Amino acid sequence: MIRITEDIAIEDWEVTEHFVRSSGPGGQNVNKVATAVELRFEADRSPHLPDPVKRRLRRLAGRRWTADGAVLIRVEDTRSQARNREIARDRLAALIRKATETPKRRVPTRVPHGQKRKRLAAKKKRGQTKALRGPVEGED
């Protein structure tokens, strides 16, 4: 079981792990041992995640979200299979934990009236300065 928050926990049957050969460090060992882990979490079908969390998770997962509603995390950071597995589970938990946070609603602000007046006055002054430039008439 992966504990996410106080009230959200993911059961082991919801997560599948598949070990593949890693392209990372390891020398000749890379060709013999499957140390990289592909962790698959069926998020869309999970009974433990509320719908708003699923929607935010889909947006946060990006390319890692598959067409059938699963989150795919691949880790090949270390030579150790157990450590890669642990890192993948931690990344999944962090991703879901971030999805549980409700985004703060943005309150649109307005430009103060004084600032608008100041900006328009500066534009008018700049325009007058530019209008004074140019050819001088009457001198010849």
Scope segment 48-86; condition loosely packed, with under 14 Cβ neighbours inside 10 Å and in contact with a Lys or Arg (Cβ under 6 Å, 6 or more places away or on another chain); matching residues:
none
Cβ-Cβ distance below 9 Å, separation of 6 or more or different chains: which pairs start in segment 94-108 with a residue that is within 27 Å of L39 (Cα to Cα) and end on one that is among the polar types (S, T, N, Q)?
I96/T5; R97/T5; T100/T5
Determine whether E137 is among the acidic types (D, E) and over 26 Å from the mean Cα position of the chain (by Cα).
yes
When residues of segment 31-47 are limited to those that are outside any loop (DSSP other than H, G, I, E, B) and modelled with pLDDT of 85 or more, the one surrounded by the most Cβ atoms within 10 Å (Cβ to Cβ)
F41
How many residues, within segment 35-63, are under 14 Å from D12 (Cα atoms) and polar (S, T, N, Q)?
1
Would you call V20 of a type in the set (V, I, T), farther than 24 Å from M1 by Cβ and out of contact with any strand residue (DSSP E or B) (no Cβ under 8 Å at 6 or more places or on another chain)?
no
Every pair of residues 6+ apart whose Cβ atoms lie under 9 Å, when the first sits in segment 3-22 and is more than 19 Å from E38 (Cβ to Cβ) and crowded, with 18+ Cβ neighbours inside 10 Å while the second is among the β-branched types (V, I, T) and modelled with pLDDT of 80 or more:
I4/I10; I4/I96; I4/T100; I8/V53; I8/I96; I8/T100
Considering each residue of segment 95-123, count those that are closer than 19 Å to A61 by Cα, among the charged types (D, E, K, R) and not in a loop (DSSP other than H, G, I, E, B), and give that number.
2
May I ask you to say which residue of G69, G114, G127 is touching a residue at least 24 places away in the same chain (Cβ under 8 Å) and over 20 Å from R21 (Cβ atoms)?
G69
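Conditions tested, residue by residue: (1) part of a loop (DSSP other than H, G, I, E, B); (2) at positive phi; (3) charged (D, E, K, R); (4) touching a helix residue (DSSP H, G or I) at 6+ places or on another chain (Cβ under 8 Å).
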site: L49; (1), (2), (3), (4): yes, no, no, yes
site: G62; (1), (2), (3), (4): no, yes, no, no
site: I73; (1), (2), (3), (4): no, no, no, yes
site: E86; (1), (2), (3), (4): no, no, yes, no
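The values are calculated or read from the model by the stated rules, or taken from the named source; none is laboratory data. Given the structure is predicted, the values throughout are model-derived calculations rather than measurements. Please note: Cβ atoms are built from the backbone with ideal geometry, for glycine as well, and neighbour counts cover all protein chains shown.
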